Each structure stands twice: as C-alpha cells, then as structure tokens.
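Some notes on the structure that comes next.
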Amino acid sequence: MTATLDATLDIPTLTTIPPDVAALQQEVRRWCQERVAPVVRALDAADADDFDWDLIQEGHDLGLTRLVVPKQFGGLGYGEFGVAIALEELAAVDAGLALVFGATMLGQAPVLLSGDPRLQARFLPLFSGDEAVLACNAITEDKAGCDLLIPENAEYAVDVMRARREGDHYVLNGDKKFITNGKVARYGTVFANIEGHEGATMLTCFVVPLDTPGITRGEIADKMGYRTCLGTELHFDNVIVPAENVAGGEGGGVYINVQQMNMARAAVAAIATGVARGALEQAVEFAGERIQGGKVLWQHQFTARKLAEMAAKVEASRMLYLRAAYMADTQIPAPVFETAAAKLFADRVAIEVCTEAMSVMGARGYLRDHGMEKRLRDALGSRIYEGTPEVLALAITESLYETDDF
Ligand SMILES: Cc1cc2nc3c(=O)[nH]c(=O)nc-3n(C[C@H](O)[C@H](O)[C@H](O)COP(=O)(O)OP(=O)(O)OC[C@H]3O[C@@H](n4cnc5c(N)ncnc54)[C@H](O)[C@@H]3O)c2cc1C
C-alpha cells in the first residue's frame with residue numbers, strides 16, 4: 001500500500017484555523033450573507049450570458065481575485081488552505097460565484113508553478129489594481145476531454161490545439177470548450193500540443209492575453225447550474241504568442257497540468273462541501289420551523305436521522321478537503337491521493353446532501369422559489385470539472401498500487 005495512507009494526521013492544523021484565515025473566512029461569510037444571498041435567485045435565473053461585474057468588483061475589493069498572488073506582487077499570499085476555506089463560504093451561497101474566483105486562481109497557478117520570475121512579474125500584478133481582473137485556464141477541447149486530464153492517455157487525445165515554434169514565438173491554432181471565465185478573462189493559461197507530436201504528448205502551457213489578434217471568444221454554454229460563471233468556447237486562429245510566455249517550458253504542460261489539478265482538487269472539494277453545507281443549513285432551518293404531526297420536523301425521528309447523516313457527511317467532507325489543502329501547501333509536488341479522494345468524496349456528498357435536503361423540504365424543496373433545486377443543479381456540476389469520478393478513481397487507484405500503468 002502507498003505511504004500516503006500511513007501519513008499522520010496533523011490534528012492541530014485541522015482544528016485550528018490560523019487567525020488570518022479565520023478573518024478572511026468571516027469577511028467572506030459576511031459579504032456572502034449581506035450582498036450575495038439576496039441576489040442569488042436573480043443570478044441563477046438570468047440569461048446564460050449574463051455576468052454581474054459589480055458583484056465581481058466587490059469580490060475583487062475583498063481580495064478574492066488575488067488570494068494566491070504572492071505579497072511581493074500585491075496579492076494576499078494565501079495557500080490552498082486559506083483559499084479552500086474562502087471557497088467553501090462562497091459556495092455555501094453560490095457555487096458559480098466561487099468558481100469565477102476559483103477559475104481565476106487556476107489561471108494564476110501555472111504562472112506561479114512555472115517559477116519564472118519574469119513571467120510572474122508580468123502577469124501577477126494585474127490582479128492588484130483597482131479594477132477587477134479575471135483569468136481562465138483553458139484545457140478542455142471538443143474531442144479531448146478527460147484524455148487531457150489523464151497523463152497516460154495523452155497519446156489518445158484527438159485534434160488537440162497545436163503550437164508551432166517560429167523563431168522567438170509560437171503560433172497557436174485550435175479551439176477550447178467550456179472555459180470558465182473565457183468570455184471575461186484578461187488572459188488565459190492555454191494548453192496546446194507542439195506540432196509533430198502525437199495527441200497531447202508534448203503539451204505546453206502558454207500564458208495568452210485574450211486580446212491577442214486571432215482569438216475569438218465564442219459561444220457561452222447554457223449550463224443547468226453554475227450559472228453565475230460563464231463557460232465559453234475560445235477559438236485560436238494563427239495566434240502569435242512570445243516564447244517567453246511559455247509556463248513550465250516546452251513540453252512541460254503535462255507536469256503543470258497535473259500539479260495544478262492536484263492543488264485545485266482540494267479547492268473544488270471545498271466548493272462541493274460549501275454546496276452541501278448550504279443545503280444542510282437550509283434544511284435545518286426548514287425542519288426547525290415546519291410543523292407536521294403536531295411537532296417540528298426535526299423532532300420526528302426519520303427527519304432527525306436524515307439531518308444527522310447530512311451533518312456527518314458535511315463534517316467528513318470538510319475534514320478531507322482541509323487535510324488535502326494543508327498537504328497541497330506543504331508538499332512539493334502536491335499529493336495525488338488525498339486531493340483526489342477529497343474531491344471524489346465531497347462531490348458525492350454534495351449531491352447526496354442536496355437530494356436529502358430537498359426531501360426534508362417536501363414540495364418546497366422542488367420549487368425554484370426556495371433555491372434548494374438550484375443547489376442540487378450546482379452539486380451535479382462540481383463532479384465534472386477538475387476530474388470526473390472516473391478520472392479521480394484512476395488517480396486514486398494508481399496511488400493504491402503505486403503505479404501509473406493503466
Ligand atoms: C461547471 C464546469 C466548469 C468547467 N470549467 C472548465 C475550465 O475552466 N477549463 C477547462 O478546460 N474545462 C472546464 N470544464 C470542462 C471539464 O473539465 C470537462 O467537461 C471534463 O474534463 C470532462 O470532459 P468531457 O466533458 O469532454 O467528458 P469526456 O471526457 O467525454 O467523458 C465523458 C464520460 O466518460 C468518462 N470517461 C472519460 N474517459 C474515461 C476513462 N479513461 N475511463 C473511464 N471513464 C472515462 C468521464 O468520466 C465521463 O463520465 C468545465 C466543466 C464544467 C461542467
């Protein structure tokens with residue numbers, strides 16, 4: 001069995017939130033309750049291409065666009081632990097809003113992981129100005145979805161975006177799909193395969209300003225959930241990108257992608273936990289007020305059992321993501337097993353808890369007015385990006401057998 005399973009649990013880390021993270025958590029919670037919760041239903045019901053820049057600007061003013069940007073570049077310098085706790089707060093109210101900021105961090109991650117001080121100095125200070133700036137991370141394509149997330153499947157990836165070196169620059173051609181923030185981001189980290197190499201075997205990460213000639217921001221996906229954030233196609237037609245914009249070196253895209261995923265999975269697990277927690281809190285409130293059979297619902301044993309199971313699942317989900325985030329902050333490279341396991345578990349918990357919470361609320365849970373069905377739609381979205389259950393299962397099982405031989 002893998003050594004990661006024997007790793008000692010760092011109890012103080014899981015029970016003591018550092019003061020700066022606790023302050024961030026309180027600040028984000030207050031903003032979400034006062035400012036976001038009242039408009040959640042309108043955000044969810046808006047057209048697919050609707051984007052609330054005012055709200056994003058307020059999130060930017062709170063620091064949510066620069067949580068992971070180092071202090072030397074004007075950021076707040078938090079690690080995954082602080083990020084995950086902030087994202088749980090956001091997702092307890094609206095997962096789509098959490099992903100607007102989460103996707104921006106995904107676009108910042110390759111720049112950070114590159115370790116290239118010049119690339120960092122050019123792109124990271126963008127997030128510390130007065131105006132909100134967003135980023136995106138573009139991996140998925142029409143014919144290559146999970147194949148771009150499973151390194152062993154790189155050779156099978158079909159029609160992957162191409163990059164051709166010409167002197168001091170590369171020329172990018174191809175299309176990306178479902179890119180969160182693609183419509184509104186200032187720049188994207190874009191993964192393309194070097195021409196002449198099979199599938200995605202020479203995947204390379206480029207930092208690309210999205211106003212570069214040849215880029216078209218295409219159709220916005222009409223998603224069933226996560227409606228606050230925009231998922232967009234990006235088209236690249238002979239786009240010239242300077243060689244100095246490569247993050248992690250030519251062919252280093254797979255490494256960047258894997259590291260980024262291992263860090264991000266703890267954060268997505270936090271988003272899923274937030275969705276579940278929001279549903280639990282709403283169900284607890286409802287069951288504390290609704291009277292049937294002469295007493296409030298929670299005093300009926302069947303409902304009490306449901307609420308208890310839901311609460312235990314949320315608690316376990318939070319423990320797993322906190323541990324995974326802590327390990328992602330303290331280990332290089334970030335761990336595969338703990339982050340994938342946290343996401344696999346939290347994604348499922350979110351769906352189960354939202355489903356049970358709907359049942360606790362009876363017909364009201366099924367109505368749009370009460371917002372529970374919206375939480376379930378969001379819960380179903382979390383299990384798709386940064387690794388579907390099947391992709392996570394492969395990563396976890398590889399850890400169990402200490403192999404990458406699938
Ligand atoms: C809300 C949301 C936000 C997103 N944001 C982004 C973003 O910002 N950037 C980005 O690049 N992408 C983004 N995506 C896209 C997402 O990453 C992909 O949808 C995901 O990787 C799956 O790819 P696919 O949809 O093409 O499914 P496919 O790869 O076609 O998979 C279809 C099904 O087959 C299963 N499957 C595939 N391969 C295997 C295998 N080898 N073994 C077993 N089962 C397998 C999958 O698990 C899945 O159930 C987002 C998606 C959503 C829903």
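Can you work out the Karplus-derived ³J(HN,Hα) for every residue in the range 358-366? Use 6.51 cos²θ - 1.76 cosθ + 1.60 with θ = phi - 60°, whole Hz, and x for glycine or proline.
Ordered by residue, 3J(HN,Hα) equals 4, 5, 4, 8, x, 4, 5, x, 8 Hz.
Among the listed pairs 295/343; 223/295; 223/343; 183/313; 143/313; 306/343, give every one whose C-alpha distance is greater than 32 Å.
Values: 295/343 38 Å; 223/295 40 Å; 223/343 21 Å; 183/313 36 Å; 143/313 36 Å; 306/343 23 Å.
Beyond 32 Å: 295/343; 223/295; 183/313; 143/313.
At R0 = 35 Å, how high is the FRET efficiency between residue 292 and residue 142 if r is their beta carbon distance? Nearest 0.05 is fine. Don't jump to the answer; show the numbers that get you there.
Numbers: r = 50 Å, r/R0 = 1.43.
Computed FRET efficiency for residue 292 and residue 142 comes out at 0.10.
Starting at 0 and stepping by 20 Å, how many percent of the alpha carbon pairs of the chain end up in each bin?
Per 20 Å bin, starting at zero, the Cα-Cα P(r) for the chain comes out as 28, 58, 13, 1 percent.
Please order 384, 396 by the number of other Cβ within 10 Å, starting at the fewest. Working shown, then result.
On the way: 384 16, 396 19.
Ascending Cβ contact count within 10 Å gives the list 384, 396.
Hey, if you put +1 on the Cβ of every Lys and Arg and -1 on every Asp and Glu Cβ in the range 256-401, which of 354, 300, 320 ends up farthest toward the positive end of that dipole?
Comparing the listed Cα positions along the dipole, 300 ranks first.
Using only the alpha carbons, work out the radius of gyration and Dmax of the range 136-253 in angstrom.
My reading of the Cα-based Rg and Dmax gives 13.5, 45 Å.
Considering only the other residues whose Cβ falls under 13 Å of the Cβ of residue 263, what net charge follows from Lys and Arg at +1 and Asp and Glu at -1? Before the final figure, lay out each step's value.
Details: positive: 265, 343; negative: 80, 329, 338, 386.
Summing Lys/Arg as +1 and Asp/Glu as -1 gives -2.
So how strong a dipole does the chain carry about its Cα centre when Lys and Arg Cβ are +1 and Asp and Glu Cβ are -1, to the nearest 20 debye? Please list the in-between numbers first.
On the way: 36 positive and 57 negative charges, 236 e Å.
It comes to approximately 1140 debye.
Any idea which of 185, 274, 161 is furthest toward the positive side of the dipole for the chain, if Lys and Arg beta-carbons carry +1 and Asp and Glu beta-carbons -1?
Farthest towards the positive end: 274.
Calculate the FRET efficiency for residue 118 and residue 300 from the Cβ-Cβ distance with a Förster distance of 51 Å, rounded to the nearest 0.05.
Working: r = 64 Å, r/R0 = 1.25.
After rounding, the FRET efficiency stands at 0.20.
Test of understanding: what is the full-extension gain from residue 41 to residue 211, defined as 0.36 nm times their sequence separation minus their Cα-Cα distance? It would help to have the intermediate numbers written out before the result.
Numbers: separation 170, 0.36 × 170 = 61.20 nm, distance 3.24 nm.
Roughly 58.0 nm would be gained on extension.
Relative contact order (percent) for the chain, with alpha-carbon contacts under 8 angstrom and 6 or more residues of separation?
Numbers: 797 pairs, mean separation 72.3, N = 406.
Taking the mean separation of contacting Cα pairs over the length of the chain, I get 18 percent.
So for the chain, taking the charge dipole from beta-carbon charges (+1 Lys/Arg, -1 Asp/Glu), which of 372, 214, 384 sits furthest toward the positive end?
Of the options given, the answer is 372.
Only Lys, Arg, Asp and Glu count, each charged at its Cβ (+1, +1, -1, -1), so figure out the dipole size of the range 300-358 about its Cα centre, rounded to 20 debye.
Details: 7 positive and 7 negative charges, 21 e Å.
Computed about the Cα centre, the dipole is about 100 debye.
Normalised by the number of residues in the range 67-115, what is the relative contact order in percent for Cα pairs under 8 Å and 6+ residues apart?
On the way: 30 pairs, mean separation 12.1, N = 49.
Relative contact order, the range 67-115: 25 percent.
Semi-axes, largest first, in whole Å: what does sqrt of 5 times each Cα gyration tensor eigenvalue give for the range 3-134? Mind showing how you got there, number by number?
Details: eigenvalues 129, 93, 39 Å².
Ellipsoid half-lengths, sorted descending, are 25, 22, 14 Å.
Using alpha carbons only, how many degrees (0 to 90, rounded to 10) separate the axis of helix 253-289 from the longest principal axis of the chain?
The angle comes out near 20 degrees.
Could you go through the range 336-347 in sequence order and give the Karplus-derived ³J(HN,Hα) for each residue, using 6.51 cos²θ - 1.76 cosθ + 1.60 with θ = phi - 60°, rounded to whole Hz, and x for Gly and Pro?
7, 5, 5, 6, 5, 5, 4, 5, 4, 5, 5, 4
Sorting 168, 159 on the 10 Å Cβ count, fewest up front, what's the list? Kindly include the intermediate steps, with their values, before the conclusion.
Numbers: 168 9, 159 13.
Least to most surrounded, the residues fall as 168, 159.
Cα centroids of the range 205-278 and the range 58-83: how far apart, whole angstrom?
Taking the Cα centre of each part, the range 205-278 and the range 58-83 sit 18 Å apart.
Would you mind ranking 374, 177 so that the residue whose beta carbon has the fewest other beta carbons within 10 Å leads the list? Show your work: numbers first, answer last.
Working: 374 25, 177 20.
With the sparsest Cβ surroundings first, the list reads 177, 374.
Mind putting a number on the dipole of the range 257-330 about its Cα centre? Charges go on the C-beta only, +1 for Lys and Arg and -1 for Asp and Glu, and I need it in Debye to the nearest 20. Kindly include the intermediate steps, with their values, before the conclusion.
Details: 9 positive and 6 negative charges, 38 e Å.
Using Cβ point charges on Lys, Arg, Asp and Glu, the range 257-330 gives about 180 debye.
Every read-out reported here was derived from the displayed coordinates using simple, explicitly stated rules and does not represent laboratory data. Note that the structure is a prediction, hence the values are computed from the model and not measured. Counting neighbours? That spans all protein chains shown, and the Cβs are built from the backbone with ideal geometry, glycine included.
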